[in-house]
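The values are calculated or read from the model by the stated rules, or taken from the named source; none is laboratory data. Model, not experiment: these values are computed from the prediction. Cβ: placed from backbone, ideal geometry, glycine included. Neighbour counts: every protein chain shown.
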Amino acid sequence: MKKVVLLIILTTIIVLLSILFLMLCLKQPCSSPPKPNNLSDTVMWSGDCDGGNWIELVDIKDNVYRFRIYQDYDGVLLMDADFMLKNCNNKVIDMENWQTRVCCYSNSMDSLVRLGIKNIGNEDCNNGYLESIYPAYGGVDWEIIQEKYLNK
């Protein structure tokens with residue numbers, strides 16, 4: 001009887017230690033993947049362990065932001081388009097701070113492509129985002145959007 005109880009206790013301890021070990025291993029921060037050689041030094045990684053995109057701010061003119069978004073592993077151009085800020089003061093993003101403000105690319109293929117804006121903790125940008133303006137300049141996602149939604 002004592003051996004059975006001891007075996008149950010040891011098994012429980014081993015299982016709990018294994019779970020703790022796995023949790024610690026899986027909690028490690030992810031670094032950006034190697035940048036494809038075809039991308040410029042001005043691109044920024046936006047993603048996590050399960051994937052993301054390379055994003056580049058090309059230009060800002062009259063509160064219109066031109067971004068290029070590239071595929072994570074091979075640098076294929078997904079979208080090259082102008083974007084406008086929505087729900088934000090136009091002064092929250094500039095050429096110097098954009099890498100700390102733009103956070104994610106959403107290409108749900110519902111014909112509108114968006115870039116997320118990080119919460120900057122002030123009233124200038126509550127639930128803000130950048131919305132694409134069409135026609136875009138190019139990219140794989142733009143070709144799909146034209147084919148599915150705009151050429152009907």
- So which residues in segment 49-79 are small (Gly, Ala, Ser) and surrounded by 14 or more Cβ atoms within 10 Å (Cβ to Cβ)? Gly52, Gly75
- Message: Could you check segment 78-105 and list, in sequence order, the residues that are in contact (Cβ under 8 Å) with a residue 12 or more places away in the chain and polar (S, T, N, Q)?
- Response: Asn87, Asn89, Asn90, Gln99, Thr100
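Can you confirm whether segment 110-123 contains a residue that is more than 20 Å from Ile145 (Cβ to Cβ), of a type outside the set (Lys, Arg), modelled with pLDDT of 90 or more and not in a loop (DSSP other than H, G, I, E, B)?
If we filter segment 110-123 for residues that are more than 20 Å from Ile145 (Cβ to Cβ), which is where we start, we get 117-123.
If we keep only those that are of a type outside the set (Lys, Arg) too, we end up with 117, 119-123.
Narrowing the set further to residues that are modelled with pLDDT of 90 or more leaves none.
No; the residues of segment 110-123 include none that is more than 20 Å from Ile145 (Cβ to Cβ), of a type outside the set (Lys, Arg), modelled with pLDDT of 90 or more and not in a loop (DSSP other than H, G, I, E, B).
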- The lone exception for Ser46 - which of (1) small (Gly, Ala, Ser); (2) surrounded by fewer than 18 Cβ atoms within 10 Å (Cβ to Cβ); (3) within 14 Å of the chain's Cα centre (by Cα) it fails: (2)
